[in-house]
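**Q** I have a structure I would like to understand better, so I am pasting it below and will then ask my questions one at a time.
We did not get these values from a lab; they are worked out from the coordinates using the rules stated. Because the structure is predicted, anything quoted here is derived from the model rather than measured. Cβ: placed from backbone, ideal geometry, glycine included. Neighbour counts: every protein chain shown.
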Amino acid sequence: MESKLNLDMKLVDKARGHAKEIAVDIQKFIDVHTTVTVERTVLRLLGVDGIDDIERPIPNIVVDEIRNNGGLDLGVSYWIGNAMLEYENKSPQEISEMIVNGEIKITEIKQHDYEEIRTKIFEVAKQYIDRIDANRNKREEYLARLGEGAKPYLYVIVATGNIYEDVIQAKAAAIQGADIIAVIRTTAQSLLDYVPYGATTEGFGGTFATQENFKIMRKALDEVGEEVGRYIRLVNYASGLCMPEIAAMGALERLDVMLNDALYGILFRDINMQRTLVDQFFSRVINGYSGVIINTGEDNYLTTSDAYEEAHTVLASQLINEQFALLANLPEEQMGLGHAFEMNPTLKDGFVYELAQAQMAREIFPKAPLKYMPPTKYMTGDIFKGNVQDALFNMIAVLTKQDIQLLGMPTEAIHTPFLQDRSIAIENAKYIFNNMRSLGDDITYKEGGIIQTRAKSVLEEAEKMLMNIKNEGLMQTIEQGKFAGIKRAMDGGKGLDGVVKKDGKYFNPFIELMLGGGNNE
Amino acid sequence: MESKLNLDMKLVDKARGHAKEIAVDIQKFIDVHTTVTVERTVLRLLGVDGIDDIERPIPNIVVDEIRNNGGLDLGVSYWIGNAMLEYENKSPQEISEMIVNGEIKITEIKQHDYEEIRTKIFEVAKQYIDRIDANRNKREEYLARLGEGAKPYLYVIVATGNIYEDVIQAKAAAIQGADIIAVIRTTAQSLLDYVPYGATTEGFGGTFATQENFKIMRKALDEVGEEVGRYIRLVNYASGLCMPEIAAMGALERLDVMLNDALYGILFRDINMQRTLVDQFFSRVINGYSGVIINTGEDNYLTTSDAYEEAHTVLASQLINEQFALLANLPEEQMGLGHAFEMNPTLKDGFVYELAQAQMAREIFPKAPLKYMPPTKYMTGDIFKGNVQDALFNMIAVLTKQDIQLLGMPTEAIHTPFLQDRSIAIENAKYIFNNMRSLGDDITYKEGGIIQTRAKSVLEEAEKMLMNIKNEGLMQTIEQGKFAGIKRAMDGGKGLDGVVKKDGKYFNPFIELMLGGGNNE
Amino acid sequence: MSNSVDLTKIKPYGDTLNDGAMQFSFTLPVPFGPEADEAAKILLQKMGIKDASIVHSEDLGIGYTFFVAYGKTTYDVNYEDIDVPKVDNEVMDKYGVEDFINEHIKREVKIIGACTGTDAHTVGIDAIMNMKGYAGHYGLERYKKVETINMGAQVPNEVLLAKAIEENVDAIIISQIVTQKEVHIKNLTNFIELVEAEGVRDKFILICGGPRIGHELAKELGFDAGFGRGSFAEDVASFVVNQIVDRDLI
Amino acid sequence: MSNSVDLTKIKPYGDTLNDGAMQFSFTLPVPFGPEADEAAKILLQKMGIKDASIVHSEDLGIGYTFFVAYGKTTYDVNYEDIDVPKVDNEVMDKYGVEDFINEHIKREVKIIGACTGTDAHTVGIDAIMNMKGYAGHYGLERYKKVETINMGAQVPNEVLLAKAIEENVDAIIISQIVTQKEVHIKNLTNFIELVEAEGVRDKFILICGGPRIGHELAKELGFDAGFGRGSFAEDVASFVVNQIVDRDLI
Ligand code: B12
Ligand code: B12
Ligand SMILES: Cc1ncc(COP(=O)(O)O)c(C=O)c1O
Ligand SMILES: Cc1ncc(COP(=O)(O)O)c(C=O)c1O
């Protein structure tokens, strides 16, 4: 792609270099730690599922049992593998049920040969890896057979709280033209240190993310996809205290996009940074391997800070997220880095600045399927004006070739979308994407004009910020409130007690398998 | 202004040359004809006004009397002047009233010396010319003292039928940010061969254009102009069977803009072409002299024909209108040539083609205060989408620096504007004009891209069309249905019987005074 | 599935079945402020809206206030009881109509059309009558064995009727686009009165059309059929040829 | 002038006084078609709308139809009868509040704030409390002689109250942005219950705020005041300092 901004690519490389050092530094910490949800994820990927009679998820019971007995530093793989050697013909699920029923004390079983344990576990793990491979292939088959909508993809949310009502609305949206459906999670699910179970029909401002709900919606979208002759992608939210578990569920149920960003959890959910950075790594490994696009949450910064003043923090964060993703072997083509149209509508030339920002993201991340978020902060109850704000947002997207367009709703400041709001939003986007389709290719930006100058200055500030972070450390920078003006302490927030330092013998078969091979290179 | 379209200016000159020949050819016809409304206009400008007891306007009674007695080829100036020599100390108004009352037979009075008649009439005429001069100066004073809104001016219509209700709505609009208020005429007034009298409170889809209504609204806008600290312009509609009379009323009541286009009347009102072309000349002389911006009706073509297919007819007509205006001594700065945003919203790249068209108009008529009309044809009852269509229209205006933006209403396909519709429309325009203010200056169009190519081809077609018209004659071309696909016969339509061939001694003091001098050069 | 609609009691749907959710916008002639919001809310309550919420209010600058509101209606509608009168013949395409004429009528069908009264909007009637038609549907002029006379805009009712009688047409079709102050109703009613006064009501098939006209309204006014937004030449043609046969006007 | 409003009988204004004109949009769970339009019209008629006109209807793809409509309400509202409870002290600016404290209270005023329950929207409470404030209005933190404790988001009611008691604050201010399924009502009611159970209701000035909260609602729930969209720190501060004096909490 030819640069329309005349960006200083050397400076981009420099900034990227800082980001890499920042990520590598954190990775050192990640590599020597595991967490309760990472271990529960391993269990899930070994086929462990279900709840006990007071609705506690079995993976939680097993991990808690091991942790309470001081064995989590070895990882659940070790203990389950060990038990499988002891009780031959028993699956991880059966062994887990035995634990739940109090039939065995897993940490007290005789410890078998380490290599045999590994071999045993890898056998099972590979079966589930096959299932993920199958999902990945199935997605590709669908895409080859049905095709997909043109970019920017039209992405809408459903959020009724009731998965069956969500299904109706998702199908309607697909018929109207949506390419991607996200089922918004119920308020505060991200703070639960377990994943609820089964089909659910109640939630606040969203629907519980459960494996059964994933399955129900996946089926519905496959059906409607056949009907409309387009593959319809499904999104859910991983960020939170169960990041890798939800990623695993997504991989098993063929979700296509997963919101996945530790920084989001730290800043906007007050999740402990150590915990969620460790969780993020494994979740990204899973997403990367299973062909799931991740979406990062830079857009959120601009809902609290000013989009004009703090534009560089978005770029800085995107660059960091890119490096974290690369370390998890997640290819650029799956990096749905986030940004947002949050310029104050009363700002003279606000649109022009926003155009610069969006084009800059496009040029700095040419292969990434950028996720572009709609105006939210400056939306009001004036739905007529709101629809125009959304139109301008759609224009920027088509002008700068964004990939994933989370459609703005005229009622953003009022309620989660009504059926008709979604239809209005889709109509808006379809009109603009078609009526201005080639405009972006037909215009160029004046040398040294407002757009080029703005992009240049944002890039410079981002590079400076990254250099500082590199020098001070990412965690320290967050402690100082450099992102979104929010300060979070290293030891504050939720979930720190779920972080465990690994033993030398710790192993996680999935990280090894997913990073090492598969159809991902 | 630097050309962004890389237009072939030689071809523009060539097209303009054709248009000039076309206009000059018609002017030969115009110069030897007068019409009943031209003569009524002369009376009005000599101070004749009022109605009789069955509400017939006095100017009509006088002109009909003269015409019925075969004297109209000399013009009313001749007869009134003659009567003034006969009845000294009587004003044209008093003489007219004597005619109305049957006290005198104006064509039977002894005929005085021709030069004395002229001198007499020129004396009176000059008094009214002074009044027009005073209005012009007053406008300039206001503009100097209060200033005006930034371009594109926000132009909205009021159309309640009730002038007092119109006043309320016009004031509200000005407070909300409108710069120009047009009082839409009641349906079919343009087909009346007289101008109604007095303040009116009933109309269909509009309010009668009367001198009293002009006065009432002018006063209201001057008041609200003081309140908001901006001069608020007032518009009415001249085109129709009373074109020059309304222009004269506008000049006397300080209107600022006047819809004024013979082609509109011919095509859309089935007014006879000979009649209205003669009327147009005098009306433009008046508008030109009194500093009133005229608005031409090319936009209307696109409400019946397709905006993509027939774009060149708009340009051809603009060039013809320009030449007609120049022949009437109307300066470029007052030529509000019309065009419209009427591309089919389902057309891929429709916006891009429209951008080409609007930019082309801008570059070909750099000094003209272009009047840009909103989407109407493809507006539907979907007011949410409608507001987005209007937003795109506003974008093109600010990108291409249009001057007079007739704001689109979300309810265009439903009803004449509600108070709230106008507010929504003004909000829309203010948002976009500010938020994208400098975008036009910051972008350039690709050499040989869609925009440049489109402008080139429209220009070429327009030049060809003008060459054909030049060869065949304008009236003949209209007979063939070359504009808006509507055929009108030379002798068809309304008002032909009001056309009169001038006698060698005919004179019209106002044409001589207005073309000859004043503060207009 | 949780969602099963009771058609005898339908209610608006926001995001949950029968939530009754509706959006409103309107202006009240009272000054911007909390009292204005309250007035807007009370109005909605009177209309049977519960949980009325004024989500936006705006000062219109002259002591009037504009509102956007949401709320939930307490009313429902029995959908099963609804019976909308409709043109009941099947719509044939151009070739179908031409075949029908050849087979059943065996002569030219003559249709006169106009946009009457002060109405100058010809695009609609042209869409139906002119050669090129509209949105890819050819107009009546292009139909074999159909002769058309399009009198254009602003045609007085008297002139149209006189011409129809003179030309001995089968059908008279009238377009009315402007509806302000019910001018279309007055105009169409007047036309029917004229036709009846002339004693020729049974000779003609009378049709009107326009964006605010429906079959039901047309019937009420004394026409044989009415066609609203999105009608095409084939709708009119199919109706006319069927009527000629049904009413034995062959 | 023709236009004179009778405030005891106000009606919506479209383009003529008392025309009653209103705009509606809503979805019905019935398939697109003339019957759907008719159902929409009947619903509006039940709501007291005359001349209901469905100007747009759209197939939502799942047997549901979306409508845009206009019509004229037959109801009116007596504006003169309206009495909206409002915070009745005058609003002072920052300097006014500071002077008021120096003059009448002569000690530090302590305010604790939080966004409670599951609500994570801190922008509103930050706008009131944080140094930088909002839209050019400084936040409470910047007021001299005002000490603030901003506990941030998702604070359980119990934790907030315990901290308030521990710190012996004057006022507790709570933000609630999420209102789905009336979660804000439940949450705020629960807080009042806690305060009463602890027997400390009279010790504190209790305030809540958020885009869907008004003074009236707040009073109903048992708070001393409520502040909606567009409130600033000075609104809260003025109320608090006045209450301290009026309720003799000095
Ligand atoms: C184009 C247009 C014009 C053009 C007309 C050019 C022409 N030669 O027709 C011009 C610019 C001249 C014009 C002028 C005016 N217009 Co005008 N115009 C429109 C506009 C933008 C589009 C109408 C149109 O062409 N639609 C496309 C056609 C294909 O659709 P249609 O007419 O509905 O026809 C279809 C069906 O209804 C049906 N149909 C229609 N007729 C018939 C007849 C039969 C027999 C059958 C079977 C079917 C049928 O079939 C057609 C095809 O599907 C509308 C706004 C809008 N977007 O609707 C305003 C609109 C109709 N105009 C309006 C007004 C008020 C005027 C003026 C009176 C304004 C004024 N005061 O000066 C003037 C005067 C006109 C007059 N005396 O009638 C109002 C009417 C308000 C109302 N509800 O009464 C509208 C709605 C705009 C508005 N919001 O103010 N207008
Ligand atoms: C920013 C934002 C977010 C950010 C919040 C970041 C943060 N740190 O605050 C993020 C991205 C994290 C977020 C997440 C969610 N959000 Co949110 N969010 C918004 C958004 C865009 C803006 C809110 C805002 O900041 N407004 C600006 C501030 C200044 O205004 P304000 O809050 O009204 O405050 C003013 C007054 O109300 C008053 N005030 C407020 N509080 C108080 C307190 C006191 C004591 C006083 C005196 C005054 C006062 O004074 C303030 C200044 O004038 C709104 C949409 C919108 N445009 O309103 C949605 C919105 C509020 N969010 C919504 C939802 C549903 C969510 C989620 C639950 C979605 C989900 N399922 O994941 C999540 C989870 C959040 C949770 N658990 O609470 C819905 C709420 C729907 C409803 N009516 O219940 C909205 C309306 C969007 C929508 N249409 O869906 N959101
Ligand atoms: C990256 C990311 N993850 C997750 C979420 C949603 O998480 P929660 O369920 O906590 O609202 C968001 C919301 O905007 C996000 O941006
Ligand atoms: C040039 C011109 N004149 C006049 C009019 C209005 O004239 P009438 O009163 O005939 O509707 C228009 C309407 O669009 C116009 O474009």
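**Q** Between C:P12, C:P34, C:P211, find the one with the highest GNM mean-square fluctuation for chain C; connect C-alpha pairs within less than 10 Å.
**A** C:P34
**Q** Something else now. Treating only the Cβ of Lys, Arg, Asp and Glu as charged (+1, +1, -1, -1), what charge dipole size does the stretch D:47-144 show about its Cα centre? Round to the nearest 20 debye.
**A** So the dipole magnitude of the stretch D:47-144 works out to roughly 440 debye.
**Q** Still on this structure: So who's got an amide H within less than 5 Å of the one on A:I293, skipping anything under 5 residues away but keeping other chains? H placed 1.01 Å off N, in plane.
**A** For A:I293, the qualifying residues are A:V257, A:M258.
**Q** About the Cα centre of chain D, what is the dipole size in debye to 20, counting +1 per Lys and Arg Cβ and -1 per Asp and Glu Cβ, all else neutral?
**A** For chain D, the charge dipole is close to 320 debye.
**Q** With chain C rotated onto chain D, spot the residue of C whose Cβ lies nearest the axis and note the distance in whole Å.
**A** Chain C residue with minimal Cβ-axis distance: C:M47, 2.
**Q** Let me ask something else. How many angstrom lie between the C-alpha centres of the stretch D:6-35 and the stretch C:55-93?
**A** With the stretch D:6-35 and the stretch C:55-93 each reduced to a Cα centre, they are spaced 7 Å.
**Q** Determine, for each peptide in A:258-271, D:216-229, C:63-76, the mean count of other beta carbons within 10 angstrom over its residues, then list the peptides with the highest first.
**A** Answer by packing, highest mean first, reads A:258-271, C:63-76, D:216-229.
**Q** Could I ask something else about it? What is the Cα centroid distance between the stretch A:349-406 and the stretch C:175-248, reported in whole angstrom?
**A** The stretch A:349-406 and the stretch C:175-248 have Cα centres spaced 49 Å from each other.
**Q** As I understand it, the dipole of chain D uses +1 on the Cβ of Lys and Arg and -1 on the Cβ of Asp and Glu, about the Cα centre. Which of D:T74, D:G228, D:Y138 lies farthest toward its positive end?
**A** Of the candidates, D:Y138 comes out farthest on the positive side.
**Q** So for the protein assembly as shown, taking the charge dipole from beta-carbon charges (+1 Lys/Arg, -1 Asp/Glu), which of B:T444, A:L85, A:V285 sits furthest toward the positive end?
**A** So the residue we want is B:T444.
**Q** Mind listing the phi-derived Karplus ³J(HN,Hα) values for the stretch C:92-97, rounded to whole Hz, using 6.51, -1.76 and 1.60 with θ = phi - 60°, and x for any glycine or proline?
**A** Whole-Hz 3J(HN,Hα) from phi for the stretch C:92-97: 9, 7, 3, 5, x, 5.
**Q** Report the gain in length on full extension from A:L11 to A:N137: 0.36 nm times residue separation, minus Cα-Cα distance, nm rounded to one decimal.
**A** 41.5 nm
**Q** With θ taken as phi - 60° and the coefficients 6.51, -1.76 and 1.60, list the Karplus ³J(HN,Hα) couplings across the stretch D:110-124 in order, rounded to whole Hz; mark glycine and proline as x.
**A** 10, 10, 10, x, 6, 9, 9, x, 8, 6, 10, 8, 8, 4, x
**Q** What Kirkwood Rh does the protein assembly as shown have if only Cα atoms enter the pairwise 1/r average? Answer in Å. Walk me through the numbers before you get to the answer.
**A** Details: mean 1/r = 0.0274 Å⁻¹.
Evaluated on the protein assembly as shown, it is 36.5 Å.
**Q** Dipole size in debye (nearest 20) for the protein assembly as shown around its Cα centre, Lys and Arg Cβ +1, Asp and Glu Cβ -1?
**A** Values: 158 positive and 232 negative charges, 519 e Å.
With only Lys, Arg, Asp and Glu charged at Cβ, the dipole is about 2500 debye.
**Q** Using 7 Å Cα-to-Cβ label points, what is the C:N102/A:D31 separation (nm, one decimal)?
**A** With each label placed 7 Å out from Cα toward Cβ, I get 8.5 nm.
**Q** Suppose we take every Cα in the stretch D:1-83 and form the convex hull; what volume per residue is that in Å³?
**A** 101 Å³
**Q** Determine the sum of side-chain charges near D:R201: Lys and Arg each +1, Asp and Glu each -1, restricted to other residues whose C-beta is under 12 angstrom from that of D:R201.
**A** With Lys, Arg at +1 and Asp, Glu at -1, the net is -3.
**Q** Compute the long axis of helix A:350-364 from its Cα atoms, compare it with the longest principal axis of the Cα atoms of chain A, and write down the angle in degrees, 0 to 90, nearest 10.
**A** So the helix axis and the longest Cα principal axis differ by about 50 degrees.
**Q** Kindly put C:I244, B:I293 in sequence by how many other C-beta atoms sit within 10 Å of each C-beta, fewest to most.
**A** Taking fewest neighbouring Cβ atoms as first place, the list is C:I244, B:I293.
**Q** With the label 7 angstrom out along Cα to Cβ, how close does A:P331 come to the same site in each of the other copies, in nm, nearest first?
**A** Copy-to-copy label distances at A:P331, shortest first: 6.7 nm.
**Q** Continuing with this model, one more query. Nearest 500 deg cm²/dmol is fine: what mean residue ellipticity at 222 nm does chain D get from its DSSP H runs of n ≥ 4 alone, each adding -39,500 (n - 2.57), divided by its residue count?
**A** -9000 deg cm²/dmol
**Q** Right, something else. For A:184-190, what's the mean count of beta carbons from other chains sitting within 10 Å of each residue's beta carbon?
**A** Values: counts 0, 0, 2, 9, 6, 1, 1.
Mean inter-chain Cβ contacts per residue within 10 Å come to 3.
**Q** Show the residues, 5+ positions off or on another chain, whose built amide H is closer than 5 Å to the amide H of A:Q111.
**A** Under 5 Å from the amide H of A:Q111 lies no amide H from a residue far enough along the sequence or on another chain.
**Q** Calculate how many DSSP beta bridges within chain A are antiparallel, expressed in % of all such bridges and rounded to the nearest 5.
**A** 15 percent
**Q** Which percent, to the nearest 5, of DSSP beta bridges fully inside the protein assembly as shown are antiparallel?
**A** Details: 51 of 137 bridges.
Antiparallel bridges: around 35 percent, rounded to the nearest 5.
**Q** Could you point to the residue in D:T27, C:I213, B:M409 farthest towards the positive end of the protein assembly as shown's charge dipole, with +1 and -1 charges on the Cβ of Lys/Arg and Asp/Glu respectively?
**A** Checking the options against the dipole of the protein assembly as shown, the answer is B:M409.
**Q** Right, something else. If one takes the longest principal axis of the Cα atoms in chain D, at what angle in degrees, from 0 to 90 and to the nearest 10, does the Cα axis of helix D:34-46 lie?
**A** Approximately 60 degrees, to the nearest 10.
**Q** Per residue of A:131-143, count partner chain C-beta atoms within 10 Å of its C-beta, then hand back the mean as an integer.
**A** Whole-number average of other-chain Cβ neighbours for A:131-143 is 0.
**Q** What's the average, rounded to a whole number, of partner chain beta-carbon atoms within 10 Å of each residue's beta-carbon in B:443-450?
**A** Details: counts 13, 7, 4, 4, 1, 1, 6, 6.
That average works out to 5.
**Q** Over the alpha carbons of chain C, what is the largest minus smallest coordinate on each principal axis, giving the biggest first in Å?
**A** Per principal axis, max minus min of the Cα coordinates gives 70, 51, 35 Å.
**Q** If you don't mind, there's one more thing I want to ask. Which whole-Hz ³J(HN,Hα) couplings does the stretch A:45-57 yield from phi under the Karplus relation 6.51 cos²θ - 1.76 cosθ + 1.60, θ = phi - 60°, glycine and proline marked x?
**A** The phi angles translate into 6, 8, x, 8, 7, x, 10, 8, 6, 10, 6, 7, x Hz.
**Q** Let me ask something else about it. Out of the DSSP beta bridges found with both residues in the stretch D:42-198, what percent are antiparallel (nearest 5)?
**A** Working: 9 of 20 bridges.
Of all bridge pairs located within the stretch D:42-198, approximately 45 percent are antiparallel.
**Q** Hey, another quick one. Whose amide H sits under 5 Å from the amide H of A:D349, counting only residues 5 or more places off or on another chain, with H placed in the peptide plane?
**A** B:N435, B:M436, B:R437, B:S438
**Q** Follow-up question, since we're still on this one. Any idea what the A:A144 label distances to the other copies are, label 7 Å down the Cα→Cβ vector, nm, shortest first?
**A** Nearest first, the other copies' label points are 7.9 nm away.
**Q** Sorting check: for B:419-432, B:89-102, which peptide has the highest mean count of neighbouring beta carbons within 10 Å, and how do the rest follow?
**A** B:419-432, B:89-102
**Q** Turning to a different aspect of this structure: Give the angle, between 0 and 90 degrees and rounded to the nearest 10, that separates the Cα long axis of helix B:211-228 from the longest principal axis of the Cα atoms of chain B.
**A** For B:211-228 against chain B, the angle is about 50 degrees.
**Q** Note down the net charge around C:G124, summing +1 for each Lys or Arg and -1 for each Asp or Glu among other residues with Cβ under 12 Å from its Cβ.
**A** Here the count lands on +1.
**Q** If you take the beta carbon distance between B:A199 and B:K105 as r and set R0 to 45 Å, what does 1/(1 + (r/R0)^6) give as a FRET efficiency, to the nearest 0.05?
**A** The calculated FRET efficiency here is 0.85.
**Q** Can I ask one more? Quick one: with label points 7 Å out along Cα→Cβ, list the inter-copy distances for B:Q480 in nm, shortest first?
**A** Once sorted, the set of distances for B:Q480 reads 7.7 nm.
**Q** Continuing with the same structure: Given only helices, namely DSSP H runs of n ≥ 4 each adding -39500 (n - 2.57), what is the per-residue ellipticity at 222 nm of chain B, to the nearest 500 deg cm²/dmol?
**A** -17000 deg cm²/dmol
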